[in-house]
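Novice: Just passing along the structure, written as structure tokens.
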Amino acid sequence: MEINDSTAVTAFGALAQETRLAIYRLLVERGPGGLPAGAIAEALGVPSATISFHLAQLRGAGLITQRRESRSLIYAVDVAAMNGVIAFLTDRCCGGNPEICAPQSKRQADESPQSRRKAV
């Protein structure tokens, strides 16, 4: 999924709220199987009406999907969208050099004397 500046801003805006970020984390951890809205509300201790509002925001940003299973609506992370946002950050914010955006611990490991000896 290609992300442009506008869709990136929408995605970041959707995630820039504590409850939505918690929902998104939960759905990422759950994987493609997803969870029904009621289970999300229960896991986070948030009223169902509030969860519905936040799920709609995440869906509107294209970060999650919704499918019907019997009488339940199941929400799951859209992995392609998540990878698109990560690629956007790497491509546009790291100057096309993903190694400069690696977590500090990974950069330190890559720069350690042991890893340099292995590379030789």
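The values are calculated or read from the model by the stated rules, or taken from the named source; none is laboratory data. A quick note: this is a predicted structure, and the numbers were derived from the prediction, not measured. Positions of Cβ are generated from backbone atoms using ideal geometry, with glycine treated the same way; all protein chains shown enter the neighbour counts.
Table: residues versus (1) β-branched (Val, Ile, Thr); (2) touching a strand residue (DSSP E or B) at 6+ places or on another chain (Cβ under 8 Å); (3) at pLDDT below 75.
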position	(1), (2), (3)
Ser70	no, no, no
Thr90	yes, no, no
Ile100	yes, no, no
Ala119	no, no, yes
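Novice: Between Gln57, Gln108, Gln104, Gln114, which is at pLDDT 90 or above and among the polar types (S, T, N, Q)?
Specialist: Values: Gln108 fails: at pLDDT 90 or above; Gln104 fails: at pLDDT 90 or above; Gln114 fails: at pLDDT 90 or above.
After applying the criteria, what remains is Gln57.
Novice: Which ones in segment 9-33 are of a type outside the set (A, V, I, L, M, F, W, C) and surrounded by 12 or more Cβ atoms within 10 Å (Cβ to Cβ)?
Specialist: Here is the first cut: in segment 9-33, the residues of a type outside the set (A, V, I, L, M, F, W, C) are 10, 13, 17-20, 24-25, 29-33.
Those that are of a type outside the set (A, V, I, L, M, F, W, C) and surrounded by 12 or more Cβ atoms within 10 Å (Cβ to Cβ): Thr10, Gly13, Gln17, Thr19, Arg20, Tyr24, Arg25, Arg30.
Novice: Same structure, new question: Among the numbered criteria (1) within 15 Å of the chain's Cα centre (by Cα); (2) not in a helix (DSSP H, G or I), which single criterion is violated by Arg68?
Specialist: Here Arg68 meets the rest and fails (1).
Novice: Can you say whether Val85 is within 22 Å of Ala14 (Cβ to Cβ), exposed (fewer than 14 other Cβ atoms within 10 Å of the Cβ), among the β-branched types (Val, Ile, Thr) and at pLDDT 65 or above, as far as the supplied structure shows? Don't jump to the end; show me each part of the working.
Specialist: Numbers: within 22 Å of Ala14 (Cβ to Cβ): yes; exposed (fewer than 14 other Cβ atoms within 10 Å of the Cβ): no; among the β-branched types (Val, Ile, Thr): yes; at pLDDT 65 or above: yes.
Taking the combined requirement at face value, the residue does not satisfy it.
Novice: What's the number of the condition Arg25 fails, among (1) at pLDDT below 95; (2) within 14 Å of the chain's Cα centre (by Cα)?
Specialist: Looking at each condition in turn, Arg25 falls short on (1).
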